[in-house]
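To keep things clear, I will list the structure first and then write my remarks on it.
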2 protein chains.
Amino acid sequence: MPQKTDAPIEVTAFSWVPPFARGHVRDLRVRWALEEAGLDYRTRLISAIDRPADYYREQPFGQVPHYREGDVALFESGAIVLHIAEKDERLMPRDPVGRARAITWAVAALNSIEPGIMHLADIDLFCAGQEWARLRRPDAVRQVEGRLDRLAAALGDKPWLEERFTVGDLLMVEALRNLSPDRLAIPDVLTAYVARGEARPAFKAAMAAQMADFISDDAVQSEGVSA
Amino acid sequence: MPQKTDAPIEVTAFSWVPPFARGHVRDLRVRWALEEAGLDYRTRLISAIDRPADYYREQPFGQVPHYREGDVALFESGAIVLHIAEKDERLMPRDPVGRARAITWAVAALNSIEPGIMHLADIDLFCAGQEWARLRRPDAVRQVEGRLDRLAAALGDKPWLEERFTVGDLLMVEALRNLSPDRLAIPDVLTAYVARGEARPAFKAAMAAQMADFISDDAVQSEGVSA
């Protein structure tokens, strides 16, 4: 859905991030879910460099996204996406069996797949060149590859983890997107799975919307830390 | 609730784990939620040492717990606990505002608090003595302590994260229980918060039930890998 300034749903995102992080900030998951559900939203942009002090009252860790809809307020992209999914059968099956599987895969993405991927991102991105990262890398890669092999076996030759796309696939694809194929062995079926997710019109619209909201590098340089 | 062999809810757990892991295996969260909701369950015990090959069809990563209730099957303790919470207003408020907050804190526990704690457990427990762990520890501690300070500020002087105990507290307390107070600075309000959670009758019953299900060390030694 196009963003609308009078939409009842407000998503808080960053006004600027370094180039390597663009397309990976976690409001992307929320925008994607809103697009899948066909829900309008407006964005509130805050500075990642100089976060408003009172923002910590809304989001205790200072992260984005934050979500507001009247009196309902959530943080944690995973929680927000589950909240949005409840609104639309296309993300969350209404039958108890399908619903249970969608929630299972959503939490598997957040708690069994993503932590290892973020650990690898620490090693390869944020702490690259540090001695601990060099020493740790082989085991960290082995652990993530082990999980990916199991996930690939569970996916098999299906397009999605269960009979059809759900919120579980949305979060799983988004977690897997933070892997670098040149840095570890990603099973082919998972590479194709991520590509299938990224080919969805709702994903593309969400990505375009995140990119469109960033102010230019020139603007952030002239504004300094107020960006 | 006492375990009942004819209960419709089946929880899969390990028949034996090393002493240091007892009271920390993740079926504890599920047992705790079931006790809070007053729901009977039966356990299916499998070997942690020699997992049945076909178990990976139910739980792709070979972990416990697994949950079954008729045709409904879930894995991931966080997903199972959210599923149980839907059954009982004591765990999941029925009003939209309270519900959103409960889900927010549940996911915060799983995705913003627990990964750092498990990283510390890797450093202090599973990889103790390794050079990477020694080099990495100061920054890992600093990151967890930063998150704990923010969480403590959000909790403030309230007994629970929102107006009353919810599934969000259950998962947060359970994540925090894996911190070692002799290894980093835990804010006093969080120490008291964990103690409050552990003092709940439902927690105590869950802990006793997990402990009672382990076979003895003698039995595992005589049975070898079939334990």
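The values are calculated or read from the model by the stated rules, or taken from the named source; none is laboratory data. The shown structure was predicted, so the numbers you read here are calculated from the model rather than taken from an experiment. All Cβ positions, even for glycine, are placed from backbone atoms using ideal geometry, and neighbour counts span all protein chains on display.
So in segment A:81-93, with the set limited to residues that are assigned to a loop (DSSP other than H, G, I, E, B) and either crowded, with 24+ Cβ neighbours inside 10 Å or among the hydrophobic types (A, V, I, L, M, F, W, C) (or both), which one is nearest to the other protein chains (Cβ to nearest Cβ)? The extreme case among them is A:MET92.
Inside segment A:209-221, residues that are surrounded by 12 or more Cβ atoms within 10 Å (Cβ to Cβ), hydrophobic (A, V, I, L, M, F, W, C) and part of a helix (DSSP H, G or I) make up a count of 3.
Taking the criterion of being more than 8 Å from every other protein chain (Cβ to nearest Cβ) and assigned to a helix (DSSP H, G or I), the residues of segment B:106-130 that qualify are B:ALA109, B:ILE113, B:GLY116, B:ILE117, B:LEU120, B:ALA121, B:ASP122, B:ILE123, B:ASP124, B:LEU125, B:PHE126.
From the set of residues in segment A:94-105 that are among the basic types (Lys, Arg) and more than 8 Å from chain B (Cβ to nearest Cβ), which is nearest to the chain's Cα centre (by Cα)?
Keep residues of segment A:94-105 that are among the basic types (Lys, Arg), which gives A:94, A:99, A:101.
Next, only the ones that are more than 8 Å from chain B (Cβ to nearest Cβ) stay: A:94, A:99.
Details: A:ARG94: 24, A:ARG99: 21 Å.
Going through the qualifying residues, I end up with A:ARG99.
Taking the criterion of being at pLDDT 95 or above, of a type outside the set (Asp, Glu), part of a helix (DSSP H, G or I) and within 20 Å of B:VAL30 (Cβ to Cβ), would at least one residue in segment B:188-197 satisfy it?
Yes, segment B:188-197 has at least one match.
Condition check ((1) under 22 Å from B:LEU190 (Cβ atoms); (2) touching a residue at least 24 places away in the same chain (Cβ under 8 Å); (3) touching a strand residue (DSSP E or B) at 6+ places or on another chain (Cβ under 9 Å)) across all residues:
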residue	(1), (2), (3)
B:ILE84	no, yes, yes
B:THR104	yes, yes, yes
B:ILE113	yes, yes, no
B:CYS127	no, no, no
B:TRP132	no, no, no
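Table: residues versus (1) outside the structural domain of A:VAL25 (by TED's automatic domain parsing); (2) within 17 Å of A:GLU36 (Cα to Cα); (3) not hydrophobic (A, V, I, L, M, F, W, C).
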{"site": "A:GLY156", "(1), (2), (3)": "yes, no, yes"}
{"site": "A:VAL167", "(1), (2), (3)": "yes, yes, no"}
{"site": "A:LEU171", "(1), (2), (3)": "yes, yes, no"}
{"site": "A:LEU176", "(1), (2), (3)": "yes, no, no"}
{"site": "A:ILE186", "(1), (2), (3)": "yes, no, no"}
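Any idea which of B:PRO60, B:PRO65, B:PRO96, B:PRO52 is at pLDDT below 95 and either touching a strand residue (DSSP E or B) at 6+ places or on another chain (Cβ under 9 Å) or crowded, with 20+ Cβ neighbours inside 10 Å (or both)? Don't jump to the end; show me each part of the working.
Numbers: B:PRO60 fails: at pLDDT below 95; B:PRO65 fails: at pLDDT below 95; B:PRO96 fails: at pLDDT below 95.
That would be B:PRO52, the only listed residue that is at pLDDT below 95 and either touching a strand residue (DSSP E or B) at 6+ places or on another chain (Cβ under 9 Å) or crowded, with 20+ Cβ neighbours inside 10 Å (or both).
Looking only at residues in segment B:143-182 that are within 14 Å of B:MET118 (Cβ to Cβ) and in a loop (DSSP other than H, G, I, E, B), the one that is modelled with the lowest pLDDT is B:SER180.
Just to check your reading of the model, which residue among A:GLY78, A:GLY62 is within 9 Å of chain B (Cβ to nearest Cβ) and within 22 Å of B:ASP149 (Cβ to Cβ)? Give the derivation first.
On the way: A:GLY78 fails: within 22 Å of B:ASP149 (Cβ to Cβ).
Exactly one residue qualifies, and that residue is A:GLY62.
Going by the conditions given, is A:ASP188 more than 14 Å from chain B (Cβ to nearest Cβ), among the charged types (D, E, K, R) and without any contact (Cβ under 8 Å) to a residue 40 or more places away in the chain? For A:ASP188, the condition - more than 14 Å from chain B (Cβ to nearest Cβ), among the charged types (D, E, K, R) and without any contact (Cβ under 8 Å) to a residue 40 or more places away in the chain - is met. Taking the numbered list (1) surrounded by fewer than 17 Cβ atoms within 10 Å (Cβ to Cβ); (2) in a strand (DSSP E or B) in turn, A:THR43 passes all entries but (1). Across segment B:154-191, the number of residues qualifying as surrounded by 13 or more Cβ atoms within 10 Å (Cβ to Cβ) and either of a type in the set (Phe, Trp, Tyr) or closer than 25 Å to B:LEU120 by Cβ (or both) comes to 25. Against the conditions (1) in contact with a helix residue (DSSP H, G or I) (Cβ under 9 Å, 6 or more places away or on another chain); (2) within 10 Å of chain A (Cβ to nearest Cβ), where does B:ASP149 fall short? Just the number, please. Of everything listed in (1) in contact with a helix residue (DSSP H, G or I) (Cβ under 9 Å, 6 or more places away or on another chain); (2) within 10 Å of chain A (Cβ to nearest Cβ), B:ASP149 misses just condition (1). Every listed requirement among (1) modelled with pLDDT of 95 or more; (2) among the hydrophobic types (A, V, I, L, M, F, W, C); (3) over 22 Å from the mean Cα position of the chain (by Cα) is met by B:ALA205 save one, (3).
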